[in-house]
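Below is one structure, written out as structure tokens; comments come after it.
Coordinate-derived values only; no laboratory data. All of these numbers come straight from a predicted model, not from anything done at the bench. A quick note on method: Cβ atoms are made from the backbone with ideal geometry, for glycine too, and the neighbour counts reach across all protein chains shown.
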Amino acid sequence: MKSQVSCVDEDDCESCRLAYCWWRTAAKFDECAKLKQDFPDVSILTPRLRLLRELERLALIAPDGLNELRRKLLGYRSGDFWVPTGGIKKEDMDIPPVNTILLVGFSGSGKSSLINLMYSILGRSGLIPFAQTSSGSCSNYTTMYMEEHNVLRSMQSGFCVYDSRGFDYGRPREALEELSRWISEGIHHNELCLRYSDCTIMTDDVENVVMRSSSKFVQRRVNCVMVVANMADIYKALKAGDFKPLEATRQLFCSPTLRKSNENPFLILTHGDLLSTEERIDGRLKICECLDISGTNGVYDIVCLTEYGFLVEESDPVSAYALTEAVYRALLISDRGHFPKKKFQDWALLILLWLLRFIGLCFAFLADVFSKLGQKQKLRM
């Protein structure tokens, strides 16, 4: 009897393992499995084998690595991952009290689902309702605001994640302008995000929106940006001959503003479990090729919801670990991107520089005026 029970348990474990290790049914997986013994040069691998190798890495680390990263994030304080360089002390660095990770993407890309999954993985154990973020609220205008989420549910936490309003695939220029403003000016909770298509809002509703989006909340400087893309929607659009979603995502991911903020931006590909194995692999490879991503660094495939509408933390430890690792690496990049504090000498040099520029503009203006006067005198003579 015991042997029968153990066999049933083993079968259940095996089926569960195959559910979240979906890539192991791929046509090229046997070829990838042989690489564990040969250890070839990664640079000579095909993109498909390189992707399978990366997914196997996540599956290998996930069981033990998830708890380890959770522990590091629970005790994290802003600046903990800063590495001393050039003899500069940590006290001389301009480190904000809270590091800010901004999620950006187009409407329906899965940003709110990622926030919910972060709450489930990092905030507390067990599943939480999908309607945790603005996507599940009954209000018509909640998606018009920036939402700050302290995922670890602690006022002393060293980082927060911002859920932004989704962009429109048909207006990539508008998306780039708003992203540039967020990075240069900063963001705050309940910040209003009006778009061109919102001009039909009633006057009374606009007044209520403006009152809610008061700037009384703390202004945050964006330290790291994660681009979230719905791989299932993009792949289905490509199969139908519609390249607009992929092109809009490329413009956002490759924008100079984003590259200036993050030298190597993060890309989170969200998708349900309705795509087949080969479709998932082909979809990621096509998206990475269009976005000029040669390796696997900074790209994560994350299934946020199961086909029954539940978060995947318990059923898919690989996705749980992938999201945790993405947050961890985003904090690493944030802490290593801080600048030294400006001292009195720095401010003095900056004022002197602007003064010299002003004097130079004055001389250029005077030179232009006298040049025009001289030409008029020549014409009279």
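One chain, two ends: E91 and D282. Fully extended at 0.36 nm per residue, the span grows by 64.0 nm beyond their Cα-Cα distance. Checking the table K239/K260; K216/K244; K72/K111 against a 30 Å threshold on Cα-Cα, which pairs fail? Where the Cα-Cα span goes over 30 Å, the pairs concerned are K239/K260; K216/K244. Between Q251 and I61, the distance separating the two model label sites (each 7 Å from Cα on the Cα→Cβ line) works out to 3.5 nm. Between E174 and F370, the contour length at 0.36 nm per residue exceeds the Cα-Cα span by 66.2 nm.
With the highest mean first, a sort of the peptides 348-361, 107-120 on other beta-carbon atoms found within 10 angstrom per residue produces 107-120, 348-361. Annotation: extensible slack from R181 through N297 equals 39.1 nm (criterion: 0.36 nm per residue apart, minus Cα-Cα distance). With neighbours defined as other Cβ atoms within 10 Å of a residue's Cβ, the residues R280, R24 order from fewest to most as R24, R280.
In this simple spin-label model, placing a label point 7 Å from the Cα along the Cα-to-Cβ direction at both I359 and V218 gives a separation of 4.3 nm.
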